[in-house]
Structures are given as structure tokens and as C-alpha cells.
Amino acid sequence: MKDNIENLKNNFLQELPLCSNENELKELEIKFLGKEGSLKNILKWIKDLSDEEKKEIWVIANKFKFFIQESIVQKREELKKEKYKKIEEKESLDVSLEFPLEDEWHLHPLSLTSKLMEEIFISLGFKIEDGPQIETEEYNFDKLNIPDNHPARDVWDTFWLHDDINKERKSGDKYLLRTHTSPVQIRTMLKWELPIKIIVPWRVFRYEQEDARHTCNFYQLEGLVVWENVSFWDLKWTLDTAMKKLLWENTKTRFRPSIFPFTEPSAEVDVSCQICSWNGCRMCSMTWWVELLGAWMVHPKVLEYCGIDSEKYSGFAFGMGIDRIAAQRFWVSSSRMFYQNKLKLNEQF
């Protein structure tokens with residue numbers, strides 16, 4: 001009987017490697033350890049043995065049973081690992097490989113224009129500052145000399161945050177989507193780190209009727225210089241230089257008197273239309289000039305609001321629409337086209 005169990009073990013060791021899945025393992029286990037299995041068939045003759053032989057055979061049989069069970073468990077784990085290995089090989093991705101791309105990525109025209117503007121002003125000694133897009137009424141209006149009852153607030157059709165947020169807040173503390181990047185200028189001046197020479201690009205929001213030059217969400221770049229003896233001549237030279245570098249050397253600028261609550265004196269700045277070349281078009285409203293900037297000397301009250309001595313220091317500020325400048329630079333007839341996912345337009349850049 002010992003020899004029979006030993007032969008049974010050899011048979012099991014020969015058949016076990018041939019099992020390639022879970023079902024075949026179960027069938028093998030039943031074949032050797034089931035109620036009608038090979039081991040049971042051998043042990044049914046144990047009753048004819050002596051007591052000493054029975055004890056010895058039972059020990060051998062139990063060891064063989066445990067050997068089969070452990071071997072099947074081990075084989076099951078091997079099959080599982082082999083299965084996952086095949087899946088990994090099938091689904092593996094070599095990230096080091098280079099794949100030919102049909103459509104390579106590229107920057108949006110607004111991003112290209114913004115980066116170029118930043119490079120130009122950095123070359124003129126400016127630093128870049130940024131601030132939150134959700135602002136308080138105080139920074140967006142009050143500290144810019146535009147109090148709650150000032151008629152100039154009508155110029156900025158403002159997106160206010162929901163009443164559930166603002167209803168418990170006092171005037172000046174209410175939240176809104178910034179209508180310009182000027183709040184960043186206020187935040188910078190409040191630091192009192194003079195001299196100040198910064199630009200502030202990025203997104204602003206106004207509820208405007210959309211046309212060739214206006215959108216309710218657009219990109220703006222503002223600049224601020226504060227130090228001793230800063231004059232309007234410094235402002236004019238800075239903008240003339242920047243516009244000629246940004247557009248072309250033959251670009252002409254025109255300053256028109258204007259009124260802004262946070263500046264004195266103030267000016268609107270036009271550039272010669274690059275799209276129609278003095279022939280008139282929709283972008284310039286047939287006037288040959290496109291309004292691109294507002295420029296001004298910082299109002300003494302604004303400096304005082306920020307704790308800066310207006311008798312000792314002066315400053316100038318300017319703001320321009322990146323969308324309009326991109327349209328001029330790339331000869332696009334409407335700045336709205338930049339937001340309409342027009343692939344024929346964007347893929348040119």
C-alpha cells in the first residue's frame with residue numbers, strides 16, 4: 001500500500017504541471033482526493049491491515065493529502081501570476097517610445113501675445129505681479145477712488161457673486177469678479193516696497209455687449225510705475241516703445257484726453273489699425289484708429305489710500321486688452337474669434 005501511495009504521488013507530480021487553468025486544477029484535486037478519487041480507492045483496503053500498519057498508512061496518506069492540497073494552492077498562485085503577467089505584457093506601454101503625432105500642440109494666439117508682451121515689458125525693467133480673480137469691492141473700486149455712489153461704476157458692468165454670499169456683507173466687503181487687474185496695483189502699493197515697476201496680465205470679467213472688440217471675459221495687461229519724479233513723458237515713451245516692439249516699427253500712437261476716477265490727467269491711447277492699413281474696417285469702425293489702451297498719471301488720492309506720500313512720489317499706470325492686441329498683431333477681424341474654437345484660425349499659430 002505504501003508503494004501504491006508513492007506511485008500515486010508520482011502520477012500527481014506528472015499531471016500537475018499540465019494544468020493550465022482553475023478548472024483543470026479542480027478536476028485534478030477531485031481525481032486524487034475526491035470521494036471516488038485515487039487515494040480513497042487505495043485506502044478502502046486498509047481494513048485488512050494490522051493496527052500498527054493502519055497507523056503507519058494513515059500518517060502517510062494524510063501527508064500525501066496535505067502535499068496535494070499545498071501543491072494545488074501553489075500552482076493556483078503561479079497560474080494567477082502568469083495570467084496577470086500576460087495582461088501586463090499585452091497592455092504595457094513604453095513611455096520612452098516616441099510616437100509620431102498628427103497634430104502637435106501649440107500655444108493659443110492669446111497666450112502667444114501675452115508671452116510676447118511680458119517679454120517686452122520685462123526687457124524694459126518691469127516685473128510681473130498677479131492677484132485673485134475674485135476680488136472685494138474695496139480693492140476693485142473704493143481704493144481706486146470709485147466709491148459706491150460714484151457714476152463711474154456704471155462704466156464697469158460688474159459680475160457680483162451670489163446674494164447668498166454678499167447679502168450679509170457691508171459695502172466695500174462684497175465679492176465680485178474683478179472688472180480690471182487694477183486691484184493688483186493696489187495690493188502692490190500697499191506693500192510700500194518702492195520703487196514700483198510692475199505689469200499685471202491675466203483675465204478680467206465685465207458684462208458687455210459682445211462685438212468685434214468686446215467680450216464679457218477677456219484678458220488685460222496693466223502696468224504701474226511709482227517713484228520720484230515720474231512724469232507723463234515717461235508714460236508716453238514707455239507705451240510708444242512697447243507698441244512698436246509689439247506690433248511694427250511704423251505703428252503710430254495717438255493720445256486723447258479722457259477722464260478716469262483713479263487718474264489725473266488721463267488719456268485714451270489709440271494705435272494705427274494694422275488690419276486695414278488706413279483703408280477702414282470693422283475693427284477700427286472705419287476710423288483708421290483702434291483704441292487699445294487707457295493711460296494715466298496715478299491720482300494722488302489713490303497713492304494716499306495706499307499710504308504713499310503723493311507730495312514726494314508720483315506714478316503712471318496703463319491698461320490694454322490682450323485680445324485686441326492679438327487681433328491687431330495677427331490681423332484677425334474680430335477678437336471674439338479667439339474664444340470660438342475656430343481650428344482654422346488657431347492652427348495657423
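The values are calculated or read from the model by the stated rules, or taken from the named source; none is laboratory data. Values in this document were obtained by computation on a predicted structure and should not be read as measured data. Note that we place each Cβ from the backbone using ideal geometry, even for glycine, and neighbour counts take in every protein chain shown.
Looking at (1) within 27 Å of Val332 (Cβ to Cβ); (2) at pLDDT 80 or above; (3) surrounded by 18 or more Cβ atoms within 10 Å (Cβ to Cβ), find the lone condition where Thr136 falls short.
(1) is the only condition that Thr136 fails.
Looking at Trp45, is it aromatic (Phe, Trp, Tyr) and modelled with pLDDT under 70? Give the derivation first.
Values: aromatic (Phe, Trp, Tyr): yes; modelled with pLDDT under 70: yes.
Spelling it out, Trp45 is indeed aromatic (Phe, Trp, Tyr) and modelled with pLDDT under 70.
Kindly provide the set of residues from the range 59-93 that are surrounded by 10 or more Cβ atoms within 10 Å (Cβ to Cβ) and small (Gly, Ala, Ser), ordered by number.
Ala61, Ser71
Considering every residue within the range 171-179, establish whether at least one is in the same structural domain as Trp296 (by TED's automatic domain parsing), under 23 Å from Asp309 (Cβ atoms) and at pLDDT 75 or above.
Narrowing the range 171-179 to residues in the same structural domain as Trp296 (by TED's automatic domain parsing): 171-179.
In the following step, the residues that additionally are under 23 Å from Asp309 (Cβ atoms) were identified as none.
Checked against the condition, which is being in the same structural domain as Trp296 (by TED's automatic domain parsing), under 23 Å from Asp309 (Cβ atoms) and at pLDDT 75 or above, the range 171-179 yields no hits at all.
Name the residue, out of Thr251, Thr241, that is in a loop (DSSP other than H, G, I, E, B) and either surrounded by fewer than 17 Cβ atoms within 10 Å (Cβ to Cβ) or at pLDDT below 85 (or both).
Numbers: Thr241 fails: in a loop (DSSP other than H, G, I, E, B).
Just a single option satisfies the conditions, and that option is Thr251.
With the condition kept exactly as written, say whether any residue in the range 3-19 is assigned by TED's automatic domain parsing to the domain that holds Val73, of a type in the set (Asp, Glu), surrounded by 11 or more Cβ atoms within 10 Å (Cβ to Cβ) and at pLDDT 80 or above.
There is at least one residue in the range 3-19 that is assigned by TED's automatic domain parsing to the domain that holds Val73, of a type in the set (Asp, Glu), surrounded by 11 or more Cβ atoms within 10 Å (Cβ to Cβ) and at pLDDT 80 or above.
Identify the residue in the range 319-338 that is surrounded by fewer than 23 Cβ atoms within 10 Å (Cβ to Cβ), out of contact with any helix residue (DSSP H, G or I) (no Cβ under 6 Å at 6 or more places or on another chain) and hydrophobic (A, V, I, L, M, F, W, C) and, among all such residues, is nearest to Trp237 (Cα to Cα).
By that ranking, first place goes to Trp331.
Is there a residue in the range 225-237 that is closer than 30 Å to Pro109 by Cβ, assigned by TED's automatic domain parsing to the domain that holds Ile308 and at pLDDT below 85? Show your work before the answer.
The initial filter retains those residues of the range 225-237 that are closer than 30 Å to Pro109 by Cβ, namely 225, 235-237.
Of the ones still in play, those that are also assigned by TED's automatic domain parsing to the domain that holds Ile308 are 225, 235-237.
Imposing the further condition that a residue be at pLDDT below 85 reduces the set to none.
No; the residues of the range 225-237 include none that is closer than 30 Å to Pro109 by Cβ, assigned by TED's automatic domain parsing to the domain that holds Ile308 and at pLDDT below 85.
May I ask you to list the residues in the range 109-127 that are among the β-branched types (Val, Ile, Thr) and surrounded by 14 or more Cβ atoms within 10 Å (Cβ to Cβ)? Show your work before the answer.
Filtering the range 109-127 for residues among the β-branched types (Val, Ile, Thr) gives 113, 120, 122.
Residues satisfying the conditions are Thr113, Ile120.
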